[in-house]
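Contents: one structure, followed by commentary.
The values are calculated or read from the model by the stated rules, or taken from the named source; none is laboratory data. This is a predicted model, so every value here is computed, not measured. FYI the Cβ positions are ideal-geometry reconstructions off the backbone, even for glycines, and counts take in every protein chain you see. Ligands, DNA and RNA are stripped out before the accessible areas are found, and what is left, the full protein with its side chains, is counted by its heavy atoms. Shrake-Rupley method; radii C 1.70, N 1.55, O 1.52, S 1.80 Å.
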Amino acid sequence: MKKLDKLILKAFFGPFILTFAVVEFILLTQYMLKYLDELVGKDLGAEVFGELLFYFSINMAPVALPLAVLLSSLMTFGTLGEHNELTAIKTSGITLTRILRPVFIAVTLLTVGAFFFNNRIVPKANLKAYSLLWDIRQKKPAMNFKEGAFYNGIPGYSIKVNKKMNDGQTLGEVMIYDHSKGGSNTTVILADSGEMYMAYDDNYLILELFRGNTYVAQNNASFRSSSDQFVRQKFDESKIILSMASFNLDRTREELFSDNKMMKNIAELEVVTDSLRQYKDREVKLYAPTVDPYYSYFKADTGQVKNGRRLDAIDTSAVAKVLPAPDIETLKMATNKARNIKSYTGGYVENIRNTLREANNYEIEIWKKYTQSAAILIMFLIGAPLGAIIKKGGLGVPVLISIMFFILMYVMSILGEKWAREGLVPVGAGLWGGNLILLPIGLFFLNQARNDSSLLEVDFWRKLMARLRRNKL
């Protein structure tokens, strides 16, 4: 590797690592804000949060890479052009394509690596991320007693605390309804004060109550006829041990989430897609024999025979003579049959559409693994020559241009996915449309930078007219 290649690569990888970290952080923050309400207040701990953020950061990597390459290539070659380093290199007889070659090779390797990463690593990370997110959603919020309100978060108990001291452990005027044995409020505990604390590795909550009474209603038949239908027990100190098992983060088996399209690689997605399309084709063929019993037929021989041969023409007058005039009941029956056929056909068509839409969704995931990787190379073809043309480095103009092209690519990708999902265009065309539109833009910028032309300076018409004049002369 020559010194020039090392210089260019060193100038590229520094901004690339920085921009990738920034873009990854922004996308991850925006994505996690959707689930913020389901994450806070559940006492998950730093370990669970770290695990969830790690898996979702892997999920965001295929989206962050194209924008990071676009922004870093703009910054790199814009800075080189701003400091006249590109001019000095070109003066020594080195073309722009030769200058771009080391970074182009590095980005090509990054594109190939991103494809395998998106196909093998991302599905596994999605499986772990969404299974963990499901478990977090099912977890109860952290226990929080509010003054003057009943707390029903512990199964079998309803607890009311009228006073709660600043230390969070000392309680005043405690009322507990015990439903752990079923039935209504058969056991009620009243206490003047109390303390609560966790024990046994935070698996149990200990309520230590002082100066109170326990009231137990008697539902036995021997007590129903007497005046002693409840028992009161006075205590100076009493302890209640409550299990906190319902507040634990129980992990669900990951195999239960593996059928989702985001958790599959290309080979698995192709199997599901083929199965769905074969099911759709089979259902389309079965429609005619399935709907046939809904029709009623009246068979009458109205054909004509001439010279021993049967004629295909049907004598409508003969049919009119054979068929009786329809009455009210016949019309009602025909109307009901028509309605049944219409209802059945509508449901059948909707089922086929849903199957086709689901097959398109799985095929979209297949093509996305290719298009997201190819977008990295296309973003480089846009960013590197554009940086050499505008000759502006830093985080000013390159950021604005990168955001503009990224939004353009994102909008075209979303639009193509929507059209492909609804079957308006082939799935491959819908997913590749955005890349195929941006590729000529990148090649145009590359041609302009190679010819040392300005961004919008086009010599095509001038060269064409000059050639026409020469031919005329």
Query raised in the report: Among the listed residues Leu44, Leu96, Leu36, which satisfies the condition of being modelled with pLDDT under 85 and exposed (fewer than 13 other Cβ atoms within 10 Å of the Cβ)?
Result: Leu36
Report summary line: Of the residues in region 143-165 that are in a loop (DSSP other than H, G, I, E, B) and either polar (S, T, N, Q) or open to solvent by 40 Å² or more (accessible area, probe 1.4 Å) (or both), the one that is nearest to Ile206 (Cα to Cα) is Met143
Query raised in the report: What number goes with the only condition from (1) under 22 Å from Thr95 (Cα atoms); (2) surrounded by 14 or more Cβ atoms within 10 Å (Cβ to Cβ) that Ala420 does not pass?
Result: (1)
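Looking at Ser57, Ser72, which is the one that is small (Gly, Ala, Ser), modelled with pLDDT of 85 or more, assigned to a helix (DSSP H, G or I) and within 16 Å of the chain's Cα centre (by Cα)?
Just a single option satisfies the conditions, and that option is Ser57.
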Report summary line: Considering only helices (runs of 4 or more DSSP H) wholly within region 78-141, the ones with at least 2 residues that are within 32 Å of the chain's Cα centre (by Cα) are 96-116, 122-138
Query raised in the report: Which one is surrounded by the most Cβ atoms within 10 Å (Cβ to Cβ) among residues in region 101-120 that are of a type in the set (A, V, I, L, M) and without any contact (Cβ under 8 Å) to a residue 60 or more places away in the chain?
Result: Ile105
Requested in this report: Determine whether region 190-210 contains at least one residue that is open to solvent by 30 Å² or more (accessible area, probe 1.4 Å), in contact with a Lys or Arg (Cβ under 6 Å, 6 or more places away or on another chain), of a type in the set (A, V, I, L, M) and part of a strand (DSSP E or B).
Outcome: no
Query raised in the report: Within region 430-439, is even one residue polar (S, T, N, Q) and either open to solvent by 40 Å² or more (accessible area, probe 1.4 Å) or within 14 Å of Pro66 (Cβ to Cβ) (or both)?
Result: yes
Query raised in the report: If you go through region 332-377 one residue at a time, how many are under 20 Å from the mean Cα position of the chain (by Cα) and either open to solvent by less than 20 Å² (accessible area, probe 1.4 Å) or without any contact (Cβ under 8 Å) to a residue 40 or more places away in the chain (or both)?
Result: 10
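Does region 378-399 include one or more residues that are farther than 26 Å from Gly113 by Cβ and free of Cβ contacts under 8 Å to residues at least 40 places away in the same chain? Let's see the steps before the verdict.
Narrowing region 378-399 to residues farther than 26 Å from Gly113 by Cβ: 389-397.
Going one step further and asking which of them are free of Cβ contacts under 8 Å to residues at least 40 places away in the same chain, we end up with 396.
Yes, that holds for at least one residue.
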Query raised in the report: Among the residues of region 395-432, which ones are within 14 Å of Gln372 (Cα to Cα) and of a type in the set (Asp, Glu)?
Result: Glu417
**Report entry** Meets criteria (of a type in the set (A, V, I, L, M), out of contact with any His (no Cβ under 7 Å at 6 or more places or on another chain) and buried (at least 20 other Cβ atoms within 10 Å of the Cβ)) for Ala384
**Finding:** yes
